[in-house]
């Protein structure tokens, strides 16, 4: 949604020097982290016996982590170790001990994901390439409610606020999930699952303040009524400061208020009903307009977007046996965004039905139907314009999945999603997956999948004069009704190994082939009958192919019950092959994802109720920006976050978090005129449950 003209690439010799300096910094910071954790472990060994009851770390062992149940891979419960997909779990404990205050920050340690701040309130969250603020190949769900916008098929992350304490866990699938979840689940699925109301009983209060997190406060109350009805209500407000900007101003500060509820009723031993909802309202500062065309005047002054919305979801579940159940879910979601360049209101109604049963002794069948209606009203301000301004689009889909146990150690899953949408018509998205247990501790899996990313409203309906609209001739960016869905054919292979009771490894490799990616192309000039101007059209067409391949690794080691270490590594290589003029997409998207990412995390319990957590991350250089703005790369960087917490007593925790401690400030993503530098920051937090 952003654009200016390209600029020359920075000096490669300077980039090489920067990389050498980054490696030296990483070596020093890694050595410091090792000395810290080794010294701390010696202290624990001296003062805290193995069976000490003072340990405050309430989490699973490394071996138990592999047996955690996940649902997003097959829409039924299965162990993480046996899942035929590259899946990672971010637990509530992981979120709390990371010191994250936002959802994107909670995802930084997931292998295969690239998470970066463009500004203090603008994020990049992408999987397996195609990094960008407007990333459109990742499906994000909140308790299975889709939170993407059809405007650009991405997520307004600054509007996705959560009471993080109420998140049970986050399931992250890298790779296609379209056979179950449908269009736009191309490179991954993120499913945020909140806690059952029965698990959030009593009162909970938290407040935090710091240099970047200026102030935040949240409160929750959970109760129980008769007949197994549990409920909770919560409220939250935060005021986050701006990041560093070259102009010296502070345009990207951010304030938001959020309230919500959830009720869970276990009507019988076989029936459960959930009703939940929330509402939010906030103000988001912007470094640059969301829509920016070089040479055309845009909004000036302090840019702020007003964001708001509300949703309500109901889900009924009926179980008729260990491997048989029915689910019916309905939700309504309304979002509002008053941006300096457009006003957008979106209403979504979604109805979903699913049934799972055992078709034969070794065969489990799952099928479902879905209907979604979206009504989007977008009124442009200044240069931005969609024609028509109002659009009502429908999606009807069904899926079927057959999981066959050929023998106790070998499982094959066949499935496909059939859907019809008003953007690209009829789509078929099949998948074949297999998992083979080589032994009780070793599993190898593989998958071949097809997925599509449907066109967006901008690609279909945009009408922007790129040059002076009063001139003749005029260049005009136009939507293309013949633009069809982008296609992916993905090949995946993975291996999980429980090497020891306290050591596990999770490896995944992928090779993706994309066909018909969006590219900007010149069309045939024509005379505008209303103005008499000669129009040179620029439109989206499907004239670019691409290839990505890579490797992801996660190793978890627990040398003591009170100490856990994790190491992640992600390698991503991307190559685009444009078959047209490709005015902007290929050369900027191709280098927008770091080729190498490394993460090291240490979680340590100390005597007296103290906890020390450290998270070190290292990202290689970004060679270019995905926006139409610059050819300059962004140097690689290393950063360290540290958290010190004290469990004063069972109900009270006091913590201090330091973020980005290795540098005064650093840049993570974006063009020079659209980004901020993330600064070193610290904040303190008090959490009280009673």
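Taken together, 673, 641, 657, 664 contain a single residue that is free of Cβ contacts under 8 Å to residues at least 40 places away in the same chain and within 24 Å of residue 285 (Cβ to Cβ), which is 664. For the stretch 496-535, a residue qualifies if it is out of contact with any helix residue (DSSP H, G or I) (no Cβ under 7 Å at 6 or more places or on another chain), surrounded by fewer than 16 Cβ atoms within 10 Å (Cβ to Cβ) and within 23 Å of residue 558 (Cα to Cα), and the qualifying residues are 499, 500. Counting only residues that are surrounded by fewer than 21 Cβ atoms within 10 Å (Cβ to Cβ) and either in contact with a helix residue (DSSP H, G or I) (Cβ under 9 Å, 6 or more places away or on another chain) or more than 25 Å from residue 546 (Cβ to Cβ) (or both), how many does the stretch 440-459 have? Result for the stretch 440-459: 5. Listed conditions (1) under 23 Å from the mean Cα position of the chain (by Cα); (2) under 18 Å from residue 84 (Cβ atoms) are all met by residue 485, apart from (2).
Is one or more of the residues making up the stretch 621-632 within 28 Å of residue 554 (Cα to Cα), surrounded by 22 or more Cβ atoms within 10 Å (Cβ to Cβ) and at pLDDT 95 or above? For the stretch 621-632, residues within 28 Å of residue 554 (Cα to Cα), surrounded by 22 or more Cβ atoms within 10 Å (Cβ to Cβ) and at pLDDT 95 or above: absent. One residue alone among 205, 193 is more than 26 Å from residue 125 (Cβ to Cβ) and touching a residue at least 12 places away in the same chain (Cβ under 8 Å), and that residue is 205.
Give the residue that is surrounded by the fewest Cβ atoms within 10 Å (Cβ to Cβ), with candidates limited to residues of the stretch 415-439 that are outside any strand (DSSP E or B) and touching a residue at least 40 places away in the same chain (Cβ under 8 Å). That would be 424. For the subset of the stretch 469-498 comprising residues that are without any contact (Cβ under 8 Å) to a residue 60 or more places away in the chain and in contact with a strand residue (DSSP E or B) (Cβ under 6 Å, 6 or more places away or on another chain), which member is nearest to residue 66 (Cα to Cα)? Only one residue fits best here, namely 497.
Total residues in the stretch 266-292 satisfying the condition of being under 30 Å from residue 386 (Cβ atoms) and part of a strand (DSSP E or B): the figure is 10. List the number of the failed condition for residue 457; all other conditions in (1) farther than 30 Å from residue 536 by Cβ; (2) touching a strand residue (DSSP E or B) at 6+ places or on another chain (Cβ under 8 Å) hold. So the condition that residue 457 fails would be (1). When you check residue 278 against the structure, is it closer than 23 Å to residue 219 by Cα and either more than 21 Å from the chain's Cα centre (by Cα) or surrounded by 20 or more Cβ atoms within 10 Å (Cβ to Cβ) (or both), yes or no? Answer is yes for this residue.
The values are calculated or read from the model by the stated rules, or taken from the named source; none is laboratory data. The structure presented is a predicted model; accordingly, all values stated were derived computationally and were not measured. Every residue, glycine among them, receives a Cβ derived from its backbone with ideal geometry; neighbour counts consider all protein chains shown.
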